[in-house]
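Below you'll find the structure, written out as structure tokens, and then a few comments.
The values are calculated or read from the model by the stated rules, or taken from the named source; none is laboratory data. Everything numeric in this text was worked out from a predicted model, so none of it was measured. Counting neighbours? That spans all protein chains shown, and the Cβs are built from the backbone with ideal geometry, glycine included.
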Amino acid sequence: MRTNVVLLGLIVALLSNGTALNAQDDFFTVSGVVRDRNTKKAVEYVNVSAVGTNVGTITNEDGEFILKISNSLSVKEIQLSRIGYFNALVTINRNDTEVKTFFLSPESIVLSEVLVFSWRNPRDLVKAAIDKIEDNYSMKPEMLTGFYRETVQKRRNYITISEAVIELFKASYNLPPERDQVKVLKGRKLMSPKLSDTLSVKFLGGPNLGIFLDVVKNPDILLDNDMLQYYGFKMLEATSVDDRLQFVVRFEPQMITEYPLYTGTLYIDKETLAFTRAEFKMDMRDKQKVTNTILKNKPAGLRFTPEDVSYIVTYKQQGEKTYLNYIRNELRFKCDWKRRLFATNYEVTAESVITDRDNQHVSRIPNRETFTVRQSLSQEVEYYEDENFWSFYNIIEPTESLENAVTRLKKQVIRAQ
């Protein structure tokens, strides 16, 4: 039985504002921008982790990050890692508050290594990796702390920005994803006050992104053995993640089914056969099938046309196990009302990064505190202006364009009051 991929929870919005820290806070920060050593361009989605801990974050699209580390942790180094680059270990000084520039060096894979370690049949490689899931992923319950952000753009203008710090209860990977739970610890929103910017359509997802798009634990999306027959597979040139050689497997639909399939790329650790990254897009050849899959509700008379639905899911190895790390979901679509001449373009982006992990004395979240698929984040959080709102929690730093959008939306809200 196939479970539909869960997408973004729309009609939510939040304000990502400020990382100013008070001296009395029991943590210190490391902040900087990561660039390619050769091109000097900013490198997005770099994993930034405090060595010896489970604390981490990820760089934004401008390569920027701020990592907050508790003073109780004896952290002396941070590690920077990204697919296709050598890892970088950087010594830190907790009294240094300057924004630093860090460089990553691109890593090239020697062709002979690719030939030696290639499998003759990439489908067999994917099957072998599926069979190794219980060896490579945690069989114990864990409580993950994460940060979730969702933005909605109408044409090129942001109309909704939403964020939340969440707790994600992860049951053992041999249990179904329905056993996982999400709790919103704190969040805030910012929405355009213009009536014309109201978008009354509803998708699945929201803060539950870490449940439904965990492709390893939710195999009905991609990694079900029975579904492999629907795809053709091709081995691509190898690459590296965290200084570890990765098989790279391309997959494309080769059958027509009652629901949309996907095209994309899987990254599989050469040594452990753990899935470390999945990049995939929904097949858009039948847009009505896509609409039926992703759209949960819309007003009568509104025409909805999906244009592109894409995903990135990454995992990070720590010790002998591999853990969920980062999820990104992008959705582009058009909406128009009957009798209107032109449609309006929208883009919704949701991302969630795991910033901490605890596997000691973990218990399930009480049902009354869980965030369900029926809820809307905008109904659960308030609008705040406190620059220290996130306190010691790690977040994804807002990009410059997002900060500018926040400023503009704030002015609109003030004028509307």
inquiry  = Name the residue that is modelled with the lowest pLDDT, counting only residues in segment 388-417 that are touching a Gly at 6+ places or on another chain (Cβ under 9 Å) and farther than 21 Å from Val48 by Cα.
reply    = Asn388
inquiry  = Pairs please, first residue from segment 259-285 and under 11 Å from Gln246 (Cβ atoms) and in a strand (DSSP E or B), second anywhere and modelled with pLDDT under 95 and aromatic (Phe, Trp, Tyr), Cβ atoms under 9 Å, 6+ apart in sequence or on different chains.
reply    = Leu266/Phe247; Tyr267/Phe247; Ile268/Phe247; Asp269/Phe247
inquiry  = Checking the conditions here, which among Gly84, Gly63 is assigned by TED's automatic domain parsing to the domain that holds Lys41, crowded, with 17+ Cβ neighbours inside 10 Å and at positive phi?
reply    = Gly63
request  = May I ask you to list the residues in segment 366-385 that are without any contact (Cβ under 8 Å) to a residue 40 or more places away in the chain and among the acidic types (Asp, Glu)?
outcome  = none
Test for Ala171: is it surrounded by fewer than 23 Cβ atoms within 10 Å (Cβ to Cβ), in the same structural domain as Glu237 (by TED's automatic domain parsing), touching a helix residue (DSSP H, G or I) at 6+ places or on another chain (Cβ under 6 Å) and not hydroxyl-bearing (Ser, Thr, Tyr) = yes
inquiry  = Can you tell me which residue is surrounded by the fewest Cβ atoms within 10 Å (Cβ to Cβ) among those in segment 388-413 that are of a type in the set (Gly, Ala, Ser) and assigned to a helix (DSSP H, G or I)?
reply    = Ser401
message = I'd like the residue in segment 257-308 that is touching a helix residue (DSSP H, G or I) at 6+ places or on another chain (Cβ under 9 Å) and farther than 30 Å from Tyr137 by Cα and, out of all such residues, is surrounded by the most Cβ atoms within 10 Å (Cβ to Cβ).
response = Pro306
note = Restricted to segment 141-158 and to residues being surrounded by fewer than 18 Cβ atoms within 10 Å (Cβ to Cβ) and either modelled with pLDDT of 95 or more or of a type in the set (S, T, N, Q) (or both), the residue farthest from Glu403 (Cα to Cα) is Pro141
query = Would a scan of segment 225-240 turn up a residue that is in contact with a Leu (Cβ under 8 Å, 6 or more places away or on another chain), modelled with pLDDT of 90 or more and either within 21 Å of Val353 (Cα to Cα) or not assigned by TED's automatic domain parsing to the domain that holds Arg303 (or both)?
reply = no
ask   = surrounded by 15 or more Cβ atoms within 10 Å (Cβ to Cβ), of a type in the set (D, E, K, R) and assigned to a strand (DSSP E or B): does that describe Glu330?
value = yes
